[in-house]
Amino acid sequence: MMHDSSANILGDALGCGARLREAREAAGLGLPEVASRLRMPLHVVEALEEGRWEVIGATVFVRGQLRSYAKLLGIDIEPFLETTVAPAVPLELVSHAHTPRYQRWVENMGRRMVYGVITIAIAVPVWLATRSHLTEAPPATASLDAVPPALVADVPAQSSLPAPPPAQPETSGPYMASLAPAVGRAAAAPVGDDVLQLEFSGESWMQVSGRDGRVVEQGLMRAGESRRLDPAAVGSVVLGNASVVRVQQSGSIVDLTPYQRANVARFAVSSDGSVTAAE
């Protein structure tokens, strides 16, 4: 760092930039060397000497770069910083307590209105998206003892079974099972060593068909009921809600899992009472 007392004799007659240039030339330094020592771009050093401080930026940056340049040359430019370069003025803090009451009220109302608009902009699309779910019709109910049309067609006209109740009208909503009273039941099959016994621990729809394909018994079975079927007269069995039905053949429990789908079991019965997959 160079100190040249001759630079101070220039006095305040010279401008700040001119004083820096005179001090630099007196120290025998070129602009590139000063820019390298100060780690400044060359055009910034030139702007400092020429007084084109507006190209550098804010006043606070100009004052700092001027001080660095003056420190490198060993001169005092503080008087120029107080007169030529505007001093940095701290921001004036305005206390909110001095804001008029009506102005604070207007500001608060403005913020609330903005929050209200944002809330409406979010709530309205959500309400429109969910409105269709709120207006859907409730699901219709259908009785478990209503015989499907396909099964009714298989029942011969001379069957002694009572006529099934009329089918429920079609609706647009899904059907839900209703535990209605069961339809009529045929007499229990005779007891034998190879008897097929069905025990119901809950509500279940049952359909028993003979070996000729005719339906011999069908209806809604309730918890606690049971059926003993003669294998010689039974061709196939359909059980709804099969998880509540226990099937025994000659005292052995039959696993319905291989014949079960969607909690409906369909299986065939051979002449010896064994259970096989329905065709």
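The values are calculated or read from the model by the stated rules, or taken from the named source; none is laboratory data. Keep in mind the model is a prediction, meaning the values are calculated, not measured. So basically every Cβ, Gly included, is an ideal-geometry build from the backbone, and we count neighbours across all protein chains shown. Protein only, heavy atoms only, side chains kept; ligands, DNA and RNA dropped before computing areas. Shrake-Rupley method; radii C 1.70, N 1.55, O 1.52, S 1.80 Å.
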Flag for residue 47 being within 12 Å of residue 66 (Cα to Cα) and touching a helix residue (DSSP H, G or I) at 6+ places or on another chain (Cβ under 6 Å): yes
Tally of residues being open to solvent by less than 40 Å² (accessible area, probe 1.4 Å) and either at pLDDT below 85 or more than 56 Å from the chain's Cα centre (by Cα) (or both) across the range 32-50: 7
Residue tally, condition surrounded by fewer than 17 Cβ atoms within 10 Å (Cβ to Cβ) and either within 18 Å of residue 23 (Cα to Cα) or at pLDDT 80 or above (or both), over the range 64-83: 8
Residue count for the range 249-265, restricted to those that are among the β-branched types (Val, Ile, Thr) and open to solvent by less than 70 Å² (accessible area, probe 1.4 Å): 2
Residues of the range 214-248 that turn out to be open to solvent by less than 40 Å² (accessible area, probe 1.4 Å) and over 14 Å from residue 269 (Cβ atoms), as a count: 9
Selected residue (only one of 165, 169, 190 is part of a loop (DSSP other than H, G, I, E, B), under 28 Å from residue 270 (Cβ atoms) and either open to solvent by 40 Å² or more (accessible area, probe 1.4 Å) or modelled with pLDDT of 50 or more (or both)): 190
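For (1) modelled with pLDDT of 90 or more; (2) loosely packed, with under 10 Cβ neighbours inside 10 Å; (3) over 24 Å from the mean Cα position of the chain (by Cα), each residue gets a yes or a no:
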| position | (1), (2), (3) |
| --- | --- |
| 89 | no, yes, yes |
| 93 | no, yes, yes |
| 97 | no, yes, yes |
| 104 | no, no, yes |
| 118 | yes, no, no |
Residue under evaluation residue 268, criteria (1) out of contact with any Gly (no Cβ under 8 Å at 6 or more places or on another chain); (2) part of a strand (DSSP E or B); (3) surrounded by 15 or more Cβ atoms within 10 Å (Cβ to Cβ), criterion not met: (1)
Residues (more than 40 Å from the chain's Cα centre (by Cα) and among the charged types (D, E, K, R)) located in the range 232-261: 246, 255
